[in-house]
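Here the structure is laid out as structure tokens; the discussion comes afterwards.
The values are calculated or read from the model by the stated rules, or taken from the named source; none is laboratory data. All figures in this text were calculated on a predicted structure; none of them were measured in a lab. Reconstructed Cβ throughout: ideal geometry from the backbone, glycine too, with neighbour counts over all protein chains shown. Each accessible area value is taken on the protein alone, full model and side chains, heavy atoms only, with ligands, DNA and RNA left out. Shrake-Rupley method; radii C 1.70, N 1.55, O 1.52, S 1.80 Å.
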Amino acid sequence: MSEKFDPSQADAHWQQVWDQRACFHADDASTKPRSYVLEMFPYPSGRIHIGHVRNYTMGDVLARYKRMKGFEVLHPMGWDAFGMPAENAAMEKGVHPGGWTRENIANMKAQLKRLGFALDWSRELATCEPDYYGHEQALFLDLYRGGLVYRKESAVNWDPVDQTVLANEQVIDGRGWRSGALVEKRKLSQWFFKITDFADELLEGLGTLDGWPEKVRLMQENWIGKSQGLRFTFQVVDPAPQLPGTFEVFTTRPDTLFGASFAAIAAEHPLALALAKTNPEAAEFIEECKRGGTTAAELETAEKHGFDTGLRVAHPVDPSLTLPVYIANFVLIEYGTGAVFGCPAHDQRDLDFARKYGLPVCRVVADGDLDAAVFEGDEAFTGPGKLVNSGFLDGLDIKAAKTTVIERAQSEGWGTGETQYRLRDWGVSRQRYWGTPIPFIHCEACGVVPVPKDQLPVTLPEDVDFKTPGNPLQRHPTWKHVDCPECGKPAERETDTLDTFVDSSWYFLRFASQPEDRPFDPEQVAKWLPVEQYIGGIEHAILHLLYARFWTRALKHIGKLDIAEPFGSLFTQGMVTHETYSRTDMDSGQPVYFSPAEIDRGGESATLKSDGQPVEIGRVIKMSKSKKNVVDPDEIIATYGADAIRWFMLSDSPPERDLPWSESGIEGCGRFVQRLWRLFSGFDASATGEDKALDRKRDQTVAAVAEDIEALSFNKAVARIYELVSAIEKAKPSASRSAAIRAVLLLIAPMMPHLAEEAWQTIGDGGLVADALWPAVDPALLVDDEVTIAIQHRGKLRDTVTAAKGLPKDQLEALALASEKVQRSIDGAEVRKVIVVPDKLVNIVT
RNA sequence: GCGGACGUGGCGGAAUGGUAGACGCAGCGGACUUAAAAUCCGCUUGGGGUUUCCCAGUGCGGGUUCGAGUCCCGCCGUCCGCACCA
């Protein structure tokens, strides 16, 4: 073996060998137990960034470990290849989105290969290719026939300059992010998935996902936002003929009905709109509401405004009481019925509103002894208590009062108990080119007609231009013109494409099974799924993960699948962060940032290489181009090799937390690679003699590292490997030492596969370490025969003694009392009690 | 406002209610070397005695326990998610 390990030679060599031997092809016909390890597939932006490296290294270690444990592992990779950046590139650089995307894929694939990931590239897919999105179109039609897809008019953010719909994230302070134009609300006919049909199922299903982080489950729970309450109808007193005579409200606090002092409707509510036609003041107020900002900060500070319509509604329980009806800016048309009743004493918003407009505030829930009908103060009481001033509800607690009101409403026919969800149906229409064409045809005579399955895929036209704003599909000269599949008359294709979240809602199925004629084979899918371990960023906690869960359930609902949840275990990894380097620009006062490559980093200071002068070291934050605190994985690989960067990704920080990147850290990893190489180089197969302590250390480490990897606690596994390596280095040559070196090689094989493969050539027993099995352990060696006993007095450690494992309590006690240090500490005091924990400690109480 | 997570050396972090600070990084000292790099050895929570010892110490204040970084209560701080959700 040569003196130094040379990753620039070894990495490429072994990557090629793994490729040629198809080491990581998952065998559908295998009889082994199966394991499906999946990382969220990347968007092909052009370059792999360090966050990808961390994500895929974790998955790779798990996949390789599972293989060593005898599993048939499916570990695939693909590309979430549709999306806006490709169209932006097309507009900015005049390239075709497809060409740009495919080039990026090629580059990033090469980068992934340089990291030596154990991926089954034969299953690679890109969502922008017809052999993927064609199947997606077929599934879309299946879901349509299953009643889970529909069209409706819906408001969108419309950029009048770019002639396009904007996602909410693309609207910044009410303006289009690219054009800067004021965004308009426009009504368009859009396609929707009926995800709300599954709201309850998706909520209930969270309870079965034991392998998911509690945090993600909570986020999804909040997103679905189930609330139970009462929906009831208000009758308008003396309704005008041109106005609706009733409207419905929803409340989660039907118990406070007797505290109602007004009703409020949203500015977009049908009654408000009807009123606006004849009442200019109302119209003006509605306009004013629309102008209000929609950002969180604005909403928080926005004052509550109302417009008294002059209308009154009858109180449902006591029709002799009437309430004024306001149009109010704090009522949301999207939630519930877009109308509420206000109970100021027990709702802060209602109280703010009531105080502003001088409305009555009547207490209906007692605050301890406080039960006066007149409510004082500006803080609503929302705590528990008995109902007061509430007729037939008096004396009930809140829960009982809710039930009583709902029962009464139902028996008297003016309302029903109802469950509301915050979750909305999923709008998937995008007025863009670079996405999956929605497979429908609009015919004047036949209406909306699905494209027949034998005409799928509906492929994107290649000859498009991005010089003019708007959807290229819409203005393409020929593409949209087709004959109606039903009547044969000229008709038009749907020119909207699908939200890219649709593409990522079923790719894990296509990885498991890739028939040409169907999206997937349910039998194969049943063999591989659910994904045993899914790994990705927390930023997908809600949308992607909820949509994928919805698709799985929807496909089950229409009989295409037999699993309910796609991802058995989910892991969300932390970000890779880096400190920032900057100087303050004298003229502008703004910081000027420098990249790590421009910096010489000492122990406590940093200087700029070009002038040797100090720079300010800033906080450790997420890597971003604007702060220049980024590192390029390719450069790291070129300097230190793939194994060093992989090792760094696993070291130190727990994987769910942020990992601070540092030059000294990666240098340390590079040194450890060489240190291992020296260890392996010193392997002596002919050494003899036994080192029992090292044997124990070896098997204990093997067992512990296995546990750590299965728990994804890579940082702990890394620390244990360091410990074992140190112990081996200190040990004298023996057969035990050689065996321990061999064990280390297998332990690091999933983490540093290139180094492991190279060393395996001389240490191993033929073949590839990629095909080797995880080392077996001798259970007898996992327990020590001697243990260290801690001796405490008054709860503090006074001494430690070594004792045989399993020594009886009385002997341990005697041993403890015999200690000189302990006796000194006791200092003649009376021993009142001795607690003995076998094999652990003795605590003497005086 | 609601919900959640977290708080341990100079830094990242270990620690089934049982020896706090494993392991890595940084730092200091030494060996090897003409020298440097690499490598190896030692030290590295604070305060005191300086020898093999003592005291304090896991954001702050209480509590439970023979024993608390860990469990309970109350604060403080940081981060994240959601939010005029009726």
Note to self: Relative contact order for chain A: what percent, with Cα pairs under 8 Å and sequence separation of 6 or more?
What the structure shows: 13
Check: Ordered by residue, what ³J(HN,Hα) values in Hz, to whole numbers, does the stretch A:198-204 give under the Karplus form 6.51 cos²θ - 1.76 cosθ + 1.60, where θ = phi - 60° and Gly and Pro are x?
Finding: 9, 3, 5, 4, 5, 6, 4
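Need the full-extension length gain, A:Ser320 to A:Ala731, defined as separation in residues times 0.36 nm minus the C-alpha distance. One decimal, nm. Let's see the in-between values first.
Numbers: separation 411, 0.36 × 411 = 147.96 nm, distance 9.39 nm.
Length difference between fully extended and current span is 138.6 nm.
Given Cβ point charges of +1 (Lys, Arg) and -1 (Asp, Glu) and nothing else, what value in debye, to the nearest 20, does the dipole of the stretch A:529-583 about its Cα centre take?
Numbers: 5 positive and 5 negative charges, 42 e Å.
Charge dipole of the stretch A:529-583: 200 debye, to the nearest 20.
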Check: Per the Kirkwood definition applied to all pairs of different Cα atoms, how many angstroms is the hydrodynamic radius of the stretch A:648-722?
Finding: 14.3
Check: For the stretch A:683-750 and the stretch A:1-67, what is the separation of their C-alpha centers, rounded to whole Å?
Finding: 23
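Relative to 2.2 N^0.38 Å, what does the C-alpha radius of gyration of the stretch A:538-623 come to as a ratio? Two decimals please.
Working: Rg = 23.5 Å, N = 86, 2.2 N^0.38 = 12.0 Å.
Taking the Cα Rg and dividing by 2.2 N^0.38 Å, one obtains 1.97.
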Notebook entry, point to check: Which one of A:Ile558, A:Val620, A:Ala606 has its Cα pushed farthest toward the positive end of the charge dipole of the stretch A:521-650, where Lys and Arg give +1 and Asp and Glu give -1 at the Cβ?
Noted result: A:Ile558
Next item on the list: Could you work out the local net charge near A:Glu281, counting Lys and Arg as +1, Asp and Glu as -1, over the other residues with Cβ closer than 12 Å to its Cβ?
Entry: -4
Checklist line | Accessible surface, 1.4 Å probe, highest first, among residues A:Trp506, A:Trp774 | finding: A:Trp774, A:Trp506
Next item on the list: Divide, for the stretch A:368-445, the radius of gyration over alpha carbons by 2.2 N^0.38 Å, where N is the residue count.
Entry: 2.11
Check: Given the C-alpha centroids of the stretch A:458-532 and the stretch A:541-562, what is the distance between them in whole angstrom?
Finding: 18
Check: Of all the C-alpha pairs in the stretch A:353-492, what % are more than 20 Å from each other?
Finding: 70
Next item on the list: Mind jotting down the distance between the C-alpha centroids of the stretch A:232-256 and the stretch A:385-418, whole Å?
Entry: 18
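Compute the projected area of the convex hull of the Cα atoms of chain A, averaged over all viewing directions, and report it in nm² to one decimal place. Before the final figure, lay out the partial values.
On the way: hull surface 202.6 nm².
Averaging across all directions leaves 50.7 nm² for the Cα convex hull.
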Next item on the list: Evaluate the charge dipole of the stretch A:332-446 about its Cα centre and quote only its size in Debye, nearest 20, assuming +1 on the Cβ of each Lys and Arg and -1 on the Cβ of each Asp and Glu.
Entry: 560
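Before anything else, pin down the relative contact order of the stretch A:1-136: Cα pairs under 8 Å, at least 6 apart, normalised by residue count, whole percent. Write down the numbers at each step before the final one.
On the way: 157 pairs, mean separation 44.1, N = 136.
Reported relative contact order: 32 percent.
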Check: Along the principal axes of its C-alpha atoms, what lengths does the stretch A:59-184 span, in descending order and rounded to whole Å?
Finding: 58, 41, 27
Notebook entry, point to check: For the Cα atoms of chain A, what angle does the longest principal axis make with the long axis of helix A:398-412, in degrees from 0 to 90, nearest 10?
Noted result: 40
Note to self: Let me make sure I get this right: for the stretch A:221-361, a, b and c are the square roots of the gyration tensor eigenvalues over alpha carbons, sorted descending. Under 1.5 in a/c it's rounded, otherwise prolate if a/b > b/c, else oblate. Which is it?
What the structure shows: rounded
Item checked: Sorted peptide list for A:360-372, A:760-772, A:422-434, criterion being average Cβ within 10 angstrom, highest first -> A:422-434, A:360-372, A:760-772
Note to self: Starting from the Kirkwood Rh over alpha-carbon pairs, what translational D in µm² s⁻¹ does the stretch A:605-644 have by Stokes-Einstein at 25 °C and 0.890 mPa s?
What the structure shows: 199
Margin query: Cut-off under 18 Å on the C-alpha distance; same-chain residues fewer than 8 positions from A:Lys730 excluded. Which aspartates and glutamates are left, in chain and number order?
Written below: A:Asp684, A:Glu690, A:Asp691, A:Asp695, A:Asp699
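Go ahead and run the numbers for FRET between A:Gln474 and A:Ser595, Cβ-Cβ distance against an R0 of 35 Å, rounding to 0.05.
Numbers: r = 42 Å, r/R0 = 1.21.
Working from the Cβ atoms, E equals 0.25.
Semi-axes, largest first, in whole Å: what does sqrt of 5 times each Cα gyration tensor eigenvalue give for the stretch A:162-283?
Working from the Cα gyration tensor, I get semi-axes of 34, 29, 13 Å.
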Notebook entry, point to check: Packing-wise, with mean Cβ within 10 Å as the measure, how do A:259-272, A:80-93, A:33-46 rank, highest first?
Noted result: A:259-272, A:33-46, A:80-93
Margin query: Charges on Cβ only, +1 for Lys and Arg, -1 for Asp and Glu, centred on the Cα centroid of the stretch A:367-503; of A:Gln410, A:Gly395, A:Leu423, which one is farthest towards the dipole's positive end?
Written below: A:Leu423
Margin query: Can you list residues from other chains, or at least 5 along the same chain, whose modelled amide H is less than 5 Å from the amide H of A:Leu570?
Written below: A:Trp212, A:Tyr534
Item checked: Computed helical MRE - 222 nm, chain A, DSSP H runs ≥ 4 contributing -39500 (n - 2.57), nearest 500 -> -11000 deg cm²/dmol
Notebook entry, point to check: Taking a temperature of 37 °C and a viscosity of 0.692 mPa s, what whole-number D in µm²/s does Stokes-Einstein yield for the stretch A:686-760 with Rh from Kirkwood over alpha carbon pairs?
Noted result: 262
Next item on the list: Could you run the Karplus curve 6.51 cos²θ - 1.76 cosθ + 1.60 with θ = phi - 60° over the stretch A:216-222 and give me ³J(HN,Hα) per residue in whole Hz, x for Gly and Pro?
Entry: 5, 4, 5, 4, 5, 4, 5
Notebook entry, point to check: Using a cut-off of 17 Å between alpha-carbon atoms, which lysines can reach A:Lys716, once sequence neighbours fewer than 8 places away in the same chain are excluded?
Noted result: A:Lys697
Checklist line | 16 Å cut-off, amide nitrogen to a point 7 angstrom out along A:Thr800 Cα→Cβ, residues in the stretch A:810-844 | finding: A:816, A:821-822, A:839-843
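Seen from all sides and averaged, what is the projected area of the convex hull of the Cα atoms in the stretch A:486-566, in nm²? Mind showing how you got there, number by number?
On the way: hull surface 29.9 nm².
The Cα convex hull of the stretch A:486-566, projected and averaged over all directions, gives 7.5 nm².
Give me the one-decimal Kirkwood hydrodynamic radius in Å for the stretch A:59-130, with the sum taken over alpha-carbon pairs. Kindly include the intermediate steps, with their values, before the conclusion.
Details: mean 1/r = 0.0720 Å⁻¹.
About 13.9 Å, per the Kirkwood formula over Cα pairs.
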Check: What residues have an amide H closer than 5 Å to that of A:Phe262, excluding those fewer than 5 places away on the same chain, when H is modeled at 1.01 Å from N in the peptide plane?
Finding: A:Gly342
Notebook entry, point to check: Of the heavy-atom accessible surface of chain A (probe 1.4 angstrom), what whole percent is carbon and sulfur?
Noted result: 50
Notebook entry, point to check: Tell me, what HN-Hα J-couplings in whole Hz come from the Karplus equation 6.51 cos²θ - 1.76 cosθ + 1.60 at θ = phi - 60° for each residue of the stretch A:469-475, using x for Gly and Pro?
Noted result: x, x, 7, x, 5, 5, 9
Next item on the list: Quick one: Debye curve from the alpha-carbon atoms of the stretch A:1-83 only, equal weights, vacuum; give me log10 I(q)/I(0) at q = 0.27 Å⁻¹ to two decimals.
Entry: -1.28
Checklist line | Two-decimal log10 I(q)/I(0) for the stretch A:710-846, as the Debye equation yields it once each C-alpha is a single scatterer, q = 0.11, 0.14, 0.15 Å⁻¹ | finding: -0.62, -0.78, -0.82
Check: Per residue, what volume in Å³ does the Cα convex hull of the stretch A:280-432 take up?
Finding: 172
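For A:Lys304, what is the net charge nearby, where nearby means another residue's Cβ is under 11 Å from its Cβ and Lys, Arg count +1, Asp, Glu -1? Walk me through the numbers before you get to the answer.
Working: positive: A:Arg349, A:Arg355, A:Lys356; negative: A:Glu303, A:Asp350, A:Asp352.
Taking every other residue near A:Lys304 into account, the sum is 0.
Give me the Kirkwood hydrodynamic radius of the stretch A:152-214 in Å, from all C-alpha pairs, to one decimal place?
On the way: mean 1/r = 0.0700 Å⁻¹.
About 14.3 Å, per the Kirkwood formula over Cα pairs.
Of all the C-alpha pairs in the stretch A:571-674, what % are more than 24 Å from each other? Before the final figure, lay out each step's value.
Values: 1422 of 5356 pairs.
So the pairs more than 24 Å apart make up 27 percent of the total in the stretch A:571-674.
How many Å³ per residue does the convex hull of the Cα positions in the stretch A:457-595 occupy?
Hull volume normalised by residue count: 219 Å³.
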Notebook entry, point to check: To the nearest 20 debye, what is the magnitude of the charge dipole of chain A about its Cα centre, counting +1 on the Cβ of each Lys and Arg and -1 on the Cβ of each Asp and Glu?
Noted result: 980
Checklist line | Relative contact order for the stretch A:495-569, counting Cα pairs under 8 Å that sit 6 or more residues apart, in percent | finding: 35
Notebook entry, point to check: Among all the lysines, which ones have a C-alpha under 22 Å from A:Lys467's C-alpha, if same-chain residues fewer than 8 places away are not counted?
Noted result: A:Lys93, A:Lys480
Item checked: Distance-filtered residues of the stretch A:590-609 - backbone nitrogen under 20 Å, label point 7 angstrom along A:Glu663 Cα→Cβ -> A:592-609
Notebook entry, point to check: Among A:338-349, A:802-813, A:697-708, A:229-240, what's the highest-first ranking by average C-beta atoms within 10 angstrom per residue?
Noted result: A:338-349, A:697-708, A:229-240, A:802-813
Next item on the list: Could you calculate the contour length gain from A:Glu153 to A:Ser227, that is, 0.36 nm times the residue separation minus the distance between their Cα atoms, to one decimal place in nm?
Entry: 24.0 nm
Item checked: Cα-based Rg and Dmax for the stretch A:446-495, where Dmax is the largest Cα-Cα distance (Å) -> 12.2, 36
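Could you work out how much longer the chain between A:Arg518 and A:Asp684 gets when fully extended? Use 0.36 nm per residue separation minus the Cα distance between them, nm to one decimal. Before the final figure, lay out the partial values.
On the way: separation 166, 0.36 × 166 = 59.76 nm, distance 5.57 nm.
Additional length available on full extension: 54.2 nm.
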Check: Picking from A:Val236, A:Phe571, A:Gly134, whose Cα lies most toward the positive end of the charge dipole for chain A (charges on Cβ: Lys, Arg +1; Asp, Glu -1)?
Finding: A:Phe571
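Against the 2.2 N^0.38 Å scaling, with N counting residues, where does the stretch A:772-846 land? I'd like the Cα-based Rg ratio to two decimal places.
Details: Rg = 15.8 Å, N = 75, 2.2 N^0.38 = 11.3 Å.
Its radius of gyration relative to the 2.2 N^0.38 Å reference: 1.40.
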Next item on the list: Determine, at each q value in 0.20 (inverse angstroms), the log₁₀ of I(q)/I(0) that the Debye formula gives when each Cα of the stretch A:600-733 is one equal point scatterer.
Entry: -1.29
